[in-house]
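Following: one structure in structure tokens, then a few remarks.
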Number of protein chains: 2
Amino acid sequence: MARTAIWKSIAQSLTRDIADGRYATGAKLPSEAQLSAQFGVNRHTVRRALAELSEQGLLHARRGAGVFVATTPADYPLGKRVRFRQSLRAAGHIPGGEQLAITTRSADPKEAEALQVSAGTLIHICDALSFVDGQPVGLSQSCFDAERFPDLPKIHRDTKSVTATFHALGLNDYTRVWTRITAISASPIQAGHLRLTEGDPLLRSECVNADLSGTPIEYGITYFAGNRIALTVDGEALEA
Amino acid sequence: MARTAIWKSIAQSLTRDIADGRYATGAKLPSEAQLSAQFGVNRHTVRRALAELSEQGLLHARRGAGVFVATTPADYPLGKRVRFRQSLRAAGHIPGGEQLAITTRSADPKEAEALQVSAGTLIHICDALSFVDGQPVGLSQSCFDAERFPDLPKIHRDTKSVTATFHALGLNDYTRVWTRITAISASPIQAGHLRLTEGDPLLRSECVNADLSGTPIEYGITYFAGNRIALTVDGEALEA
């Protein structure tokens, strides 16, 4: 009778554990040493099972950090309104944000053009990291006209959310003017923030948002971890 | 008075050189050693300036080959209607397409779900390469219900365009149902077709298109060279 290789039955056992939710999406698996002890086999056998599941896309090894249950990218719908947290919450995810820095300096020509201000105008620049289910998914830099929004840094430090900041500034509604999506390789700094490896693929989403009169109020670039966020466009939301 | 960091002024100088056309789109920059000599600084400073410009998307480092002035990606607007060639032509580009293969086989569960047919239904699969201005920009695989469109392969071999094929089949109008965009690293095969390097970032765009009754007629995945195509979403086209 053919005997199933030990590494294969370990791979099957782990697959069942993942399917049963014993190891949740994004969760870290026990270490090789712990799994060796658990299954009563040597590390080499465990490693072979983990390699098989990684090839299947079920696991994801992060250098130096361990082996994780692969995540299905969270969908972020590009709607008329920018609602990162709201739309992720609606899909059952837990969104989060971390402020990295707020800088005030002169706008470079590109920023000035996007915000429709003169080059050299003072702008506030907010660097932030966004999270989904505890995992960093996006590194963003947003620019705002400092003359129009002098108190933005102070408010943003508290709210940590652009939508909430605009709300506090009396802008209860604003819409997406344009969004431009390309793919790039993560630089060491980007990889560090997003807990990826240098060279990993990122979605680069550049966008301008405007108030209801059509005046640009935010120009930003977000780098999303390519395997953690999917930008979606709903055809129903597109006008004919 | 605050002094601009040396690497920053080098980055600004290079930005001006690119803007002035001294270094054309796609051109190779002088080596780090040459730039160090030119600016009278050490290589570390030059490297910092180059890293900054790469992050801005102005430069593109190719491992082992050098640093190049990034080509501006051609915009491909994601509208209600799928009009790859038409929209690129409107922006002054020359679009093109090359048929790689047409296969007929049973739909796998994912394809069947997307096309709303039973798993195992025969489908036609068209593999194609799309070009902009003579450069390969997208590698796509599109699936069609073979029962509904038995003559699609024959027609598609002539038209080499999905829009033209549907037109010949009497479908003069069809619309985007959903589009889902992530970023991945190019496999050796993808890199070969797109004339990129293995591991280069690709935009992965998965989509379903439907006829006017809402029945899915095409399910496809396109891998776009991350630095050659920008997918754009026009806020004006999004319904409130």
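Summary of computed values
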{"quantity": "Point-charge dipole on Cβ atoms (K/R +1, D/E -1) for chain A, about Cα centre, debye to 20", "calculated": "1080 debye"}
{"quantity": "Restraint check, A:Lys80/A:Lys154; A:Lys80/A:Lys160; A:Lys110/B:Lys8, Cα-Cα greater than 24 Å", "calculated": "A:Lys80/A:Lys154"}
{"quantity": "5 angstrom amide H check on A:Leu59, placed H, neighbours 5+ away", "calculated": "A:Ser54, A:Ala70"}
{"quantity": "Whole-number accessible area per residue in Å² for the protein assembly as shown, which is evaluated in the context of all protein chains at 1.4 Å", "calculated": "49 Å²"}
{"quantity": "Accessible surface buried upon A-B contact (total; probe 1.4 Å; Å², nearest 100)", "calculated": "3000 Å²"}
{"quantity": "Label zone at A:Glu113 (point 7 Å along Cα-to-Cβ), backbone N below 19 Å, the stretch B:25-67", "calculated": "B:25-27, B:53-60"}
{"quantity": "When the stretch A:176-240 is reduced to its Cα atoms, the Kirkwood hydrodynamic radius in Å", "calculated": "13.4 Å"}
{"quantity": "Radius 15 Å from Cβ of A:Leu202, net charge of other residues (Lys, Arg +1; Asp, Glu -1)", "calculated": "0"}
{"quantity": "Other-chain or far-sequence residues with amide H under 5 Å of B:Ile229's (modelled H)", "calculated": "B:Ala74"}
{"quantity": "Built amide H within the under 5 Å cut-off of B:Ile123, gap 5+", "calculated": "B:Arg105, B:Ser106, B:Ala107, B:Ala146"}
{"quantity": "q = 0.18, 0.19 Å⁻¹: log10 I(q)/I(0) that the Debye formula gives for the stretch B:77-174, counting C-alpha atoms only", "calculated": "-0.90, -0.99"}
{"quantity": "Positive-end residue, the protein assembly as shown charge dipole about Cα centroid, Cβ charges, pick of A:Val41, A:Ser187, A:Pro109", "calculated": "A:Val41"}
{"quantity": "Mean separation of Cα contacts under 8 Å (6+ apart) over length of the stretch A:74-237, as relative contact order %", "calculated": "25 percent"}
{"quantity": "Integer Hz, Karplus 6.51/-1.76/1.60 couplings in order for the stretch A:129-144, x for Gly and Pro", "calculated": "10, 10, 10, 10, 6, x, 9, x, 10, x, 10, 10, 10, 10, 10, 9"}
{"quantity": "Rg [Å, one decimal], Dmax [Å, integer] - the protein assembly as shown, C-alpha atoms", "calculated": "24.3, 83"}
{"quantity": "Which of A:Asp200, A:Asp211, B:Asp158 is most accessible, then next, and so on - probe 1.4 Å", "calculated": "B:Asp158, A:Asp200, A:Asp211"}
{"quantity": "Euclidean distance of C-alpha centroids, the stretch A:54-105 and the stretch B:85-125, integer Å", "calculated": "29 Å"}
{"quantity": "Apportionment of accessible area to carbon and sulfur, the stretch B:1-160, percent (1.4 Å)", "calculated": "50 percent"}
{"quantity": "Rounded accessible area of B:Glu111 (nearest 10 Å², 1.4 Å probe)", "calculated": "10 Å²"}
{"quantity": "Rounded to whole Å, sorted largest first: equivalent-ellipsoid semi-axes of the stretch A:6-69, Cα gyration tensor", "calculated": "16, 13, 11"}
{"quantity": "Chain A, helix-only ellipticity at 222 nm - DSSP H runs n ≥ 4, -39,500 (n - 2.57), divided by all residues, nearest 500", "calculated": "-8500 deg cm²/dmol"}
{"quantity": "Test item: Cα-centred dipole of the stretch B:110-240, Lys/Arg +1 and Asp/Glu -1 on Cβ, debye", "calculated": "340 debye"}
{"quantity": "Magnitude of the charge dipole, the protein assembly as shown, Cβ model with Lys/Arg +1 and Asp/Glu -1, debye to 20", "calculated": "1400 debye"}
{"quantity": "Dipole of the protein assembly as shown [Lys/Arg +1, Asp/Glu -1 at C-beta], most positive-end residue of B:Leu231, B:Pro150, B:Val137", "calculated": "B:Val137"}
{"quantity": "Computed over the stretch B:6-69: relative contact order in percent, which uses C-alpha pairs under 8 Å that are six or more apart", "calculated": "41 percent"}
{"quantity": "Solvent-accessible surface (1.4 angstrom probe) belonging to B:Leu139, in square angstrom, nearest 10", "calculated": "20 Å²"}
{"quantity": "D_trans [Stokes-Einstein, Kirkwood Rh over alpha-carbon pairs] for the stretch B:74-237, 4 °C, 1.567 mPa s, µm² s⁻¹", "calculated": "80 µm²/s"}
{"quantity": "Ratio of the Cα radius of gyration of the stretch A:1-111 to 2.2 N^0.38 Å, where N counts its residues", "calculated": "1.57"}
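The values are calculated or read from the model by the stated rules, or taken from the named source; none is laboratory data. Here the structure is a predicted model, which is why all the values come from computation and not from measurement. Backbone-built Cβ (ideal geometry, glycine too); neighbour counts: all protein chains shown. Ligands, DNA and RNA are stripped out before the accessible areas are found, and what is left, the full protein with its side chains, is counted by its heavy atoms. Shrake-Rupley method; radii C 1.70, N 1.55, O 1.52, S 1.80 Å.
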